[in-house]
Structure formats: C-alpha cells, structure tokens
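Chemist: Questions regarding the structure given below will be posed in turn.
The values are calculated or read from the model by the stated rules, or taken from the named source; none is laboratory data. Here the structure is a predicted model, which means the values were calculated and not measured. All Cβ positions, even for glycine, are placed from backbone atoms using ideal geometry, and neighbour counts span all protein chains on display. Protein only, heavy atoms only, side chains kept; ligands, DNA and RNA dropped before computing areas. Shrake-Rupley method; radii C 1.70, N 1.55, O 1.52, S 1.80 Å.
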Amino acid sequence: MTETLLEIDDLHVAFDTRAGVVQAVRGVSLTVGRGETLGLVGESGSGKSVTAQAMMGLIDVPGRISGGTVRWCGTPLVGEGVRRAPRNIWGREITMIFQNPMTSLNPLMTIGAQLQEAVRLHLGLRGAAARTRAADLLNAVGISGAARRLDQYPHEFSGGMRQRVMIAMAIASEPRLLIADEPTTALDVTIQAQILELLAELQSQLGLSIILITHDLGIVAGLCHRVAVMYAGQIVETGAVDTMFEQPAHPYTQGLIRSTPLLDACDDRLVAIDGTPPGLLIPPAGCAFQPRCPVATAPCGVPQVLTPTGTGAVACCRAGIDAWKVGAA
Amino acid sequence: MIEFILRRLFQGALVVLGVTATVFVVTRLAGDPVALMLPLSATAEQRAAFSAQIGLDQPIWIQFARYAQDVVTLDFGDSLWQRRPAMEVVLERLPNTALLVATGLGGAVLLSIPMGAVAALRPGGLVDRLTTSLSLLGLAMPQFWLGLMAIMVFSVMLKWLPTSGFGTPAHLVLPAITLALTPLARFTMMVRAAMIDELNKQYVQTARAKGLTLRRILRVHTLRNILVPFLSISGWELITALSGYTVVVETVFGWPGLGLTAVQAIQRGDLFLVQAIVFSIAFMIVVIGILMDVISKLIDPRIELN
C-alpha cells in the first residue's frame, strides 16, 4: 500500500445534550493513503460528518472527542494527550469543503478577499501576487473572467459556482488531503456531475487524496478507490469499491446497494430497508443493525468487531450471506 | 446611489416640514402665546402691540405661510428670552450637545463591541453571565436617578469631579458616563446576541477550516457581518440621545446644550426658540437616517436601496 497520510484510530466523539450524552462516533478507525479517494458512506446521523469535523478539529462544545486519536503523517492532531494541534496542518495540508455552498462563504466579503485570505496565510503572498494567485485558482476550478469575478460577492455566484470557489479556496494551500463533506448534495444533478468531474481532475493533477463523504452510492462508484460504510457511529464495512459493489458482505451494505434506484429497472418498486437507525443516547450493546437485519440471530447481540476479509473488513457475524434474498435466513 | 440620496432627502424634507407644521399648530393650540410670553402685569394695549409685533393678529393661514417662509430661510425669529435670533442660540448650543453625545455614545460603541464579543465566545460562561447581568442593570437604571447618584458619590462625597457646569474635560466625565450607560448596555446585549448568531454560521466553519485564528475570524469576518444591525441600533440610539437622553442629562448636570436650552425655552414660553430647536433636531434625525442607510449599503452590497 502507498504511504499513509491520515490515520484515525478508535475515534469516539460524544455530544453532551440536555437528554444525556449522545455518542455520535463510536470507535472509528480509518486510514487514507497518498493519492487515494476514500468514500465515507452512510445515512443521515450515521456519524460521517462528525468524523470529518473531528479530523479537521472542528468539534466544538457541546461536542468533544471522547477517545481515540487522529494522526497526520504520524503527528497526533486530536485525541488523548493533544493539548494543541500542531499549526499549519489544518487549512494547509488538510482542507475541507462543505455541504451547502450557499452559506459556506462570508456574504459580506468579496470572493477575491476570501481567496486571498487563504493565499496570504498559507503561501505568504501579498498584494498583487496574492491577487494573481487567487485569479489562477479561479481559473483552475473552471471559473472564467477570474479578474472580474474576484471583486464580486458570493450572492453574485450560483450554487455550483460557489462550490467551485470553495474548492479553489481548499486547494489554495496545495494541500495533500481534501475532505469533501457531501459537496454536491445541495446542487442540481448536472452541476453535481461537473463538480465531481472537477474534483477527479484536480486529484489527478495535484496528486490529492480525497475523503468524500456522501450518501450517494453512485458518486462513490464513480470517484472512489475505497469505501467505508458507516452505521450508527461505527464503520460496518470497508473495502475496495469494485469488490464492495459486486460482493457486499454486510447486510446493511447489501441493503444500501439494493435500494439504489436503477434506470433500467423502472417498473419495479424502489426497495427500502425497513425501520430506522437506533438512537445514540443509549447505543445498542451488540450489532446496531440487528433490529433491521433480516438474517439476525442470537450471536448478533454481542459487539461486532471489524474482521479482515479478502480486500477489506466487515463487522458482522453473518457476513457474506445474501441477506435480502427471499428465504435467505 | 445618488438618486437614492436625492429621493431620501426629498422625503426627509417632507418629514421636517411635517414636524415644523405640527410644532406650529401645537404651540398655538397649547395656549395664548402672548399670555405666556408677557408678564401678568402687561396691559391690554401692550398685549395687542406685542401680538401685532410678532404677527399673531393675522389670520392663522397667513401666520402659517409666513412661518413656512421663515423656515425655508432658516429664520425662526428672535428668541424672546435671549433677545437674539433663535437659530443663533441653537447653533451656539449645538456643539456642546454634540460633544456630550459623541463622547458618551462613542465610548459606548467602543466598549460594547469587545464586551459583547467576549461574552459571545462562551455563551452561558462566567464572563457572559456577568456581562448580561451588568447590561440588564444598566438598562434598568433611569438616567435622571443615575446622574443624581453619580453627583452624590463622585462630586459630593469623593469630591473627584465637579457637580455640574461646563468648561473643562472634568466637567464632561459624569454627564458622558450617565448618557452612555443605557446605550452601552443595549449595544453590548445586541453585539453578544448577533455574535452568537454569526459564530454559528457555516462561513465561520469555512474560515476555521482555512486555518484562520479565532481572533482573525472575529475581527475580519464576524465583526463586519454584525456591523449592519449594529449600525441601525446605534443610529436609533443616536436619535434617542439627541431627542431625549440629552434633555435629562443636560438638565441634571447643568450642561449648556440643546436639551437644557429646550427645557428652558419651554419654561419661558419662548415660542420661537422651541420651534428652532425642534426643527434642528428633526433635521438631524433625517440626515442621520440617510447616512445610516448609505453606510449599510456600503458594508452589505446585498442591501437594495429603494
């Protein structure tokens, strides 16, 4: 395997609420290698965004890192014993773009000012040099008329254009890892495709690693090398994209793939996984998916551990069974 | 922009005209000006002569036409009390009020921003609770009482500062603080609430993800974004100060500004001086309103000036 850049080890994130402690992330371990695209998949509330925020040091009161570590090239960023994260990693080596480009930019600052802020901070450029670099960045993400666009405000840009600006800002420091938290969820389908294409292009040009957080399996299949599927704050299956789409091992992964609408099967009813994920105030002791799993048995009541398979790992004692075939159990 | 300012000036002129017309009607309805202005011992001949001298013997519409004509030329007649043009008195007293308001409100603005911002960093924390409690206290204390207490403590008991009057910087301290406390409390609460709002917005996450320090985020990003609501509330406080606070504070401290002069003019039945003062304040309020709109537009390009 290639050089490991980011390493997450047994990460726990908890939120202190009035009702009690919500355990949003419960022991997530991940690695991202150089030039690799990792897809982090899961439904709303599965903890994928919180994991990403923890990687960027963006967890704030009432949230806290309650265990585990995040390391960048061996240097701990968050976790036990880390008082202050080393400077110049967040925002320079690791950058992030967010779900909603409409609110991700400061409405009262010009695009140029916001881009130059990153350029000044990370590249040390000033004045005209910073402005030139900002214009180059806009060009790099496919925004034409950059010189004029720099003096415009976010409200003069469309959603897709704003996400391009966000990407330009995120690559300003020539980072090695880009975390993209549902970068296309708020955009039209055609714009989605353009943004994803742009990300793929930048990746091959810059040798960028990407963590792509999404609930859209189609995006994962098109862009990612590896996938990690999250459920109820844990990773239930990881593996290479090809293998996982062909032979998903975990019943939840199987259910997700089965419930993806297909164009050539439009006469069928869309299949769904019945039930809802468990609340994380009092997380289940055993397999979190057990109540919704068609092949659950008695041993599913004990905690499931990620066990290596051929190309990845799966946390399920019934792994490999075609769970959703009628009469499989 | 130019068109907007011209249109607002026109609207403002209508407002000022409306205010002056109201003052005209009220001062003439409120009682017989002649009786108010002449001593009780004046004879009927003296009254008639005085009435003719200031034009009160004419029909009301002619009086109003003359009055309107005077207003346009900024001539409000002679102050009966000071025996010189009313506008001259206003222009002489106005700088004193401006000094008091600028010191008091300026101080309140400069103090409230850091106080509110620090409180907003940890909502519910010790600093926040202290700031909020003090602000409520500040809002709850009426200025006439506060002014008297300040005189009692700092002038009478401690003898640090003069009780009242005008002339040295020391004379300015107590009135300015008394004037500033209510706006300071309101500003601080407003900055705190707006900052908390702003810090929870997505663009702040973006700024943090960029690697900016919290200090820079506060200074460059959130501060600019609370400026528009802050500006509207400070415009409002400025107007309130000019047309209300100063009347109380200047009276308590004997500060020879427009507010104290207004009280004295009313007490003396000095019709023309009252009219000149009300006109000047209405004019300032209109100008402040236009300035606030223009500055808001300069800060937030999304604002449509219509």
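Chemist: Which of the following residues is within 19 Å of B:A185 (Cβ to Cβ) and either of a type in the set (A, V, I, L, M) or not in a strand (DSSP E or B) (or both): B:L99, B:L136? Walk me through how you get there before you give the answer.
Modeler: Working: B:L99 fails: within 19 Å of B:A185 (Cβ to Cβ).
Only one candidate qualifies: B:L136.
Chemist: Would it be correct to say that B:I217 is within 14 Å of another protein chain (Cβ to nearest Cβ) and in contact with a Lys or Arg (Cβ under 8 Å, 6 or more places away or on another chain)?
Modeler: Working: within 14 Å of another protein chain (Cβ to nearest Cβ): yes; in contact with a Lys or Arg (Cβ under 8 Å, 6 or more places away or on another chain): yes.
So B:I217 fits the description; yes.
Chemist: I'd like to check something: does the range B:191-210 contain any residue that is β-branched (V, I, T), open to solvent by 20 Å² or more (accessible area, probe 1.4 Å) and without any contact (Cβ under 8 Å) to a residue 12 or more places away in the chain?
Modeler: Keep residues of the range B:191-210 that are β-branched (V, I, T), which gives B:191, B:196, B:204, B:206.
Right, trim to open to solvent by 20 Å² or more (accessible area, probe 1.4 Å) and you get B:196.
Imposing the further condition that a residue be without any contact (Cβ under 8 Å) to a residue 12 or more places away in the chain reduces the set to none.
No, the range B:191-210 contains no residue that is β-branched (V, I, T), open to solvent by 20 Å² or more (accessible area, probe 1.4 Å) and without any contact (Cβ under 8 Å) to a residue 12 or more places away in the chain.
Chemist: Picking from B:G235, B:G269, which residue would you name as being touching a helix residue (DSSP H, G or I) at 6+ places or on another chain (Cβ under 7 Å) and part of a helix (DSSP H, G or I)?
Modeler: It is B:G235.
A quick yes/no check of all residues on (1) in contact with a Pro (Cβ under 6 Å, 6 or more places away or on another chain); (2) open to solvent by less than 10 Å² (accessible area, probe 1.4 Å); (3) in contact (Cβ under 8 Å) with a residue 40 or more places away in the chain:
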site	(1), (2), (3)
A:G79	no, no, yes
A:L115	no, yes, yes
A:L125	no, no, no
A:I143	no, yes, no
A:R148	no, no, no
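Chemist: When you scan the range B:75-85, how many residues do you find that are among the small types (G, A, S) and either open to solvent by 40 Å² or more (accessible area, probe 1.4 Å) or under 19 Å from B:A65 (Cα atoms) (or both)?
Modeler: Filtering the range B:75-85 for residues among the small types (G, A, S) gives B:77, B:79.
Pick out the ones that are also either open to solvent by 40 Å² or more (accessible area, probe 1.4 Å) or under 19 Å from B:A65 (Cα atoms) (or both) and you get B:77.
So the count comes out to 1.
Chemist: Here's a follow-up. Taking only pairs six or more apart or across chains, which ones have beta-carbon atoms under 9 Å, a first residue in the range B:215-240 that is basic (K, R), and a second residue that is part of a helix (DSSP H, G or I) and open to solvent by 20 Å² or more (accessible area, probe 1.4 Å)?
Modeler: B:R216/A:L121; B:R224/B:I299
Chemist: Taking the conditions exactly as written (assigned to a helix (DSSP H, G or I) and closer than 23 Å to B:R93 by Cβ), does B:T131 satisfy them or not?
Modeler: Details: assigned to a helix (DSSP H, G or I): yes; closer than 23 Å to B:R93 by Cβ: no.
When the stated conditions are applied, B:T131 does not pass them.
Chemist: Would you confirm whether any residue within the range A:157-172 is hydroxyl-bearing (S, T, Y) and touching a Ser or Thr at 6+ places or on another chain (Cβ under 7 Å)? Quick ask: steps written out before the conclusion?
Modeler: First pass over the range A:157-172, keeping only residues hydroxyl-bearing (S, T, Y): A:158.
Restricting the remaining residues to those that are touching a Ser or Thr at 6+ places or on another chain (Cβ under 7 Å) gives none.
No, the conditions are met nowhere in the range A:157-172.
Chemist: While we're here: Any residue in the range A:39-64 that's within 14 Å of chain B (Cβ to nearest Cβ): show its pairings with residues that are surrounded by 23 or more Cβ atoms within 10 Å (Cβ to Cβ) and in a loop (DSSP other than H, G, I, E, B) at Cβ separation under 9 Å, as long as the two are six or more apart or on different chains.
Modeler: A:V50/A:G233; A:M56/A:G91
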